[in-house]
Amino acid sequence: MCITFGFVLIGQSSLAQQSRLTGKVLDHHGHALPGAHVTLVNVQLSTVTDPSGQFSFQMVRADDYTIKISHVGYREVVRQLSVSDLNAPLDIKIYPLNQALDEVTVVDKHAEARKQTESLNVEIVDQRFIQRNLGGSLMSTLSRLPGVKTIGIGSGQSKPLIRGLGFNRVVVVDKGIKHEGQQWGADHGLEIDQFAVGEIELIKGAASFIYGSDAIAGVVDLKPVPPPPPYTVGGSVDLIGKTNNQLWGNTVNIFGRSKRWFFDSRFTYQNYGDYRVPTDRIYVYDYAVDLYKNQLRNTAGRETGLHFNTGYLGDRFRSIFYLSNTFSNSGFFANAHGLEPRMVKPHYMMLLRVIFKCPASK
């Protein structure tokens with residue numbers, strides 16, 4: 001009988017050494033915080049709070065403990081617990097961790113990446129390049145690129161030359177459509193508003209043969225402006241001015257988009273006078289031609305551009321409608337196609353008259 005009683009006392013003493021630790025983790029507003037990590041450091045026991053912020057450790061030894069609570073975005077809390085804290089629910093509040101992050105700059109390097117991953121000789125520029133290197137026309141602006149030259153037709157018109165070849169040896173593609181107006185005579189330039197172009201791909205060399213035999217010199221591929229971001233409305237106004245030909249103008253852009261539908265519009269206007277050069281005399285076919293106030297007569301002009309595109313952008317379907325109207329009325333230097341008599345020095349004109357009058361006097 002005594003032996004049996006002794007075992008009962010030992011069992012009760014062993015059960016008295018086991019305790020239960022429960023509690024709740026709250027945020028700084030007093031709301032339950034699920035997903036917090038709770039660790040008893042002394043015995044390396046861990047658990048995660050449930051959706052109501054509760055945690056529980058079953059059958060822990062009655063002792064002093066160090067409890068650690070951590071959560072992403074919150075300060076870590078370390079608390080010392082005594083034996084008296086066991087078997088009583090704990091409420092532990094943690095506070096947000098405020099950290100100042102370094103500035104992050106997102107840089108678009110798809111143009112450089114394409115050059116490194118493709119064997120094609122490709123130059124890619126965007127509107128920022130056009131604004132920094134703005135010329136009188138699109139090809140005047142692109143002439144800053146290596147291997148690209150232009151045939152100037154007055155102040156506001158020019159046609160492309162790539163590696164010394166032009167006309168029907170250069171292909172210009174605008175929004176996927178071949179532009180053939182510049183391929184014929186030397187006086188035919190590109191009827192394209194450079195402010196309405198989103199991105200330009202210039203393909204040179206043998207890689208251009210994928211566009212056909214007409215692209216033996218190269219390809220100028222003009223990409224449209226990408227659609228605006230969802231739920232945005234905006235616009236821009238750019239003013240243009242130059243002193244050498246009294247050019248003034250502006251380009252106005254207005255765009256907007258809901259979740260699926262969008263529109264983008266642009267109006268461009270430029271007006272310029274005769275081009276001024278740093279000389280008062282030039283030579284055409286070895287004939288001296290005097291310039292009035294250092295100006296190349298008949299190089300003034302006016303340009304307008306009206307562009308509008310709208311469309312629907314879905315997850316599996318998209319449709320975009322483009323409308324564009326470009327008008328240019330520009331002159332070229334009066335002596336560019338032979339001599340204009342009234343602009344040639346008088347003694348040359350007198351010599352011509354003597355030559356033609358001599359047979360009539362006999």
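Note on Trp248 and Asn98: with the Förster distance fixed at 41 Å, the Cβ-Cβ geometry gives a FRET efficiency of about 0.20.
Run the reach check for Lys259 against aspartates and glutamates, Cα to Cα strictly under 14 Å, same-chain hits fewer than 8 apart removed. What comes back? Straight-line reach from Lys259, under 14 Å: Asp315. In terms of overall dimensions, the C-alpha atoms belonging to segment 121-246 reach 44, 39, 24 Å along their principal axes, ordered largest to smallest.
For segment 161-229, just say rounded, prolate or oblate: build the C-alpha gyration tensor, square-root its eigenvalues into a ≥ b ≥ c, call rounded for a/c under 1.5, and beyond that prolate if a/b exceeds b/c, oblate if not. Here segment 161-229 falls in the oblate category. Note on Thr232 and Asp108: their simple-model spin labels are 1.0 nm apart, each label 7 Å out from Cα toward Cβ. Solvent-accessible surface of protein heavy atoms, probed at 1.4 angstrom with all chains present, puts Asp274, Asp27, Asp102, Asp280 in the order Asp102, Asp280, Asp274, Asp27, largest first. Under Stokes-Einstein, with the Kirkwood radius over Cα pairs as Rh, the value for segment 135-175 at 20 °C and 1.002 mPa s is 206 µm²/s.
To the nearest Å, what is the center-to-center distance of segment 311-326 and segment 33-53, using C-alpha atoms only? When both Cα centres are located, 54 Å separates them.
A compact globular protein would have a Cα radius of gyration near 2.2 N^0.38 Å; the ratio found for segment 40-180 is 2.38. Under 12 Å of direct C-alpha separation, and excluding same-chain neighbours fewer than eight residues apart, Lys175 reaches these aspartates and glutamates: Glu199, Glu201, Asp221.
Distance from the C-alpha centroid of segment 66-111 to that of segment 153-193: 63 Å, rounded to the whole angstrom. Per-residue extension of 0.36 nm, minus the Cα-Cα distance of Thr47 and His31, leaves a gain of 3.8 nm for this segment. Distance cut-off 23 Å, Cα to Cα: go down the list Lys204/Lys242; Lys109/Lys178; Lys178/Lys204; Lys159/Lys204; Lys109/Lys149; Lys109/Lys242 and report the pairs above it. Long pairs (Cα-Cα over 23 Å): Lys204/Lys242; Lys109/Lys178; Lys109/Lys149; Lys109/Lys242.
Of all aspartates and glutamates in the structure, those lying under 12 Å Cα to Cα from Lys93, and not within fewer than 8 positions of it along the same chain, are Asp27, Glu76. Taking each residue as 0.36 nm, the span from Val284 to Val83 lengthens on full extension beyond its C-alpha to C-alpha distance by 61.6 nm.
The values are calculated or read from the model by the stated rules, or taken from the named source; none is laboratory data. None of these values were measured; they are calculated from a predicted model. Cβ coordinates were reconstructed from backbone atoms using ideal geometry, including for glycine residues, and neighbour counts include every protein chain displayed. Areas reflect the complete protein model, heavy atoms only, side chains present, ligands, DNA and RNA absent. Shrake-Rupley method; radii C 1.70, N 1.55, O 1.52, S 1.80 Å.
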